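The values are calculated or read from the model by the stated rules, or taken from the named source; none is laboratory data. This structure is a prediction, so every number in the text was calculated from the model and none was measured. All Cβ positions, glycine included, derive from the backbone under ideal geometry; neighbour counts span all protein chains shown.
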Amino acid sequence: MSILFEPSQIKKMPLRNRFVRSATCDGMAQTSGHVSSNQIKLIAELAAGGVGLIVHAITYAHPSGQVSSFMNSLADDEFIPGMKKLTEAVHHGIPLYCVAFSKNTMVPARRQDE
């Protein structure tokens, strides 16, 4: 049998196998940046299907990092409940899940006295 099906680990984090769903643009986020029910369904199906590691679609942490109207956001606390639902859907099936942040994110510099 291929080693792809064997358990593995990243540092001390166990993986049930070596299958990885890499960060891709799923085009399913709401235009507001909120997680959609279709995203939750997709991620839950991937987890239940046996993927060992899921790296969620590109996400921006500052509005300047938004490069698509169908990108998830964590630019404000209002987006946390949706991401929490995604995480809960995943953790029913696999132990490891992470989010890929947009490299285009630019956070304005702040003066020292602010």
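Structure above, values below:
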| item | result |
| --- | --- |
| Selected residue (criterion: nearest to LYS85 (Cα to Cα)) from residues of region 1-20 that are of a type in the set (D, E, K, R) and modelled with pLDDT of 90 or more | ARG18 |
| Single unsatisfied condition, SER32 versus (1) surrounded by 14 or more Cβ atoms within 10 Å (Cβ to Cβ); (2) modelled with pLDDT of 85 or more; (3) in a loop (DSSP other than H, G, I, E, B) | (1) |
| Selection within region 35-57 - surrounded by 13 or more Cβ atoms within 10 Å (Cβ to Cβ) and part of a loop (DSSP other than H, G, I, E, B) | VAL35, SER36, VAL51, GLY52 |
| Residues (β-branched (Val, Ile, Thr) and either assigned to a loop (DSSP other than H, G, I, E, B) or under 30 Å from ILE3 (Cα atoms) (or both)) located in region 58-85 | ILE58, VAL67 |
| Selection count, region 64-93, where residues are touching a His at 6+ places or on another chain (Cβ under 6 Å) and surrounded by fewer than 19 Cβ atoms within 10 Å (Cβ to Cβ) | 1 |
| Residues (within 15 Å of HIS56 (Cβ to Cβ) and surrounded by 13 or more Cβ atoms within 10 Å (Cβ to Cβ)) located in region 13-24 | VAL20, ARG21, ALA23 |
